[in-house]
Amino acid sequence: MGPLRAILLPGSVLPADLAYGALIRALGPDVQAVAKDLELYAGDTPPPDWSLDTEVEGVLREADARGWDTFHLAGYSGGGAAALAFTAKYPGRLRSLALLEPAWAGNWDWSPAYAEIWKQYQQLETLPQEQFMAAFMRLGVKPDVVLPPPPDPPPPWMAKRPAGIRAFLRTFKTYDLDRASLAAFRQPVFFALGGLSNPDDYGDTASRLSRVFFPDFHLEVFPHRHHFDPPHRVEPERVAELLKRHWEQAEAAL
């Protein structure tokens with residue numbers, strides 16, 4: 001078995017190094033893990049033609065530049081949605097998939113509760129800038145979760161995030177995630193779920209993906225974590241152990 005090679009995609013808020021620095025340290029030197037920033041934030045504003053396909057092609061360029069014919073892919077939140085899009089387009093490049101509460105997983109087979117959550121996400125478009133982030137974060141967690149205050153002063157990269165999140169919400173409305181291609185994916189899939197995250201959103205997505213797709217699907221619940229207090233940042237040693245086990249099992253099955 002060769003070295004474990006993995007590309008890690010962050011969500012729509014934190015840059016990749018802040019999102020995955022602790023996890024990469026916990027994975028240790030035996031794992032070649034690359035925290036790849038989203039193409040969405042390459043400039044000061046989202047490219048006008050940006051979609052999940054932009055992120056898919058960015059992952060492909062990263063892997064090709066490293067000479068990785070195949071690799072493991074992990075994605076959190078918006079990066080999880082991009083990871084699913086990559087899986088649908090280039091399944092043969094992946095040795096496994098890991099999803100850390102993907103922000104979206106296709107526009108089919110929605111439950112009534114999930115459809116209601118997405119109505120609320122779409123309503124965020126009407127909010128003024130100063131209310132947007134707080135309302136966005138509130139939708140991702142259970143009602144009794146106390147969210148941390150925003151950093152004061154905010155880091156410079158934070159100014160790009162509301163526009164980036166809006167770009168994700170827009171592409172989710174129209175993106176054609178290939179259901180048949182996902183259904184044909186046979187490599188192992190790992191899903192990390194926070195017990196304090198909104199169950200009508202991320203819990204529903206986990207249930208739908210395990211029911212409709214991915215015969216080799218492993219769900220790991222972190223009871224005390226939520227979408228904005230995610231296990232890969234707060235419990236990196238445990239997540240590293242789980243991911244390495246997931247990747248090693250995938251390698252052994254090839």
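The values are calculated or read from the model by the stated rules, or taken from the named source; none is laboratory data. For clarity, every value in this text was computed on a predicted model and none was experimentally measured. Cβ atoms come from the backbone with ideal geometry, glycine included; neighbour counts cover every protein chain shown. Only protein heavy atoms, including side chains, enter the accessible area calculation; ligands, DNA and RNA are left aside. Shrake-Rupley method; radii C 1.70, N 1.55, O 1.52, S 1.80 Å.
Observations, loosely collected:
- Net length gained if the chain between H218 and E116 were fully extended (0.36 nm per residue, minus Cα distance): 34.0 nm
- Across the range 115-254, Cα-Cα pairs more than 21 Å apart make up 56 percent of the total.
- Exceeding the 27 Å Cα-Cα cut-off - candidates K36/K89; K119/K244; K36/K119; K142/K244: K119/K244; K36/K119; K142/K244
- Note on the range 155-205: Cα Rg divided by 2.2 N^0.38 Å, N the number of residues, gives 1.56.
- Mean separation of Cα contacts under 8 Å, 6 or more apart, over the residue count of the range 188-254: relative contact order %: 41 percent
- When each of the peptides 183-193, 106-116 is scored by how many other beta carbons lie within 10 Å of its residues on average, the order from highest to lowest is 183-193, 106-116.
- Local electrostatic count, F191, Cβ distance below 9 Å [Lys/Arg +1, Asp/Glu -1]: -2
- Helices meeting the span-like rule in the chain (full DSSP H runs, Cα extent of at least 15 Å along the helix axis, mean Kyte-Doolittle score of -0.5 or higher): 16-27, 52-65, 78-89, 129-139, 161-174.
- Viscosity 1.567 mPa s, temperature 4 °C, Stokes-Einstein D of the range 13-114 from Kirkwood C-alpha radius, µm²/s: 88 µm²/s
- Share of carbon and sulfur in the accessible area of the chain stands at 53%, probe radius 1.4 Å.
- Value of Rg/Rh across the chain [Cα atoms, Kirkwood radius]: 0.93
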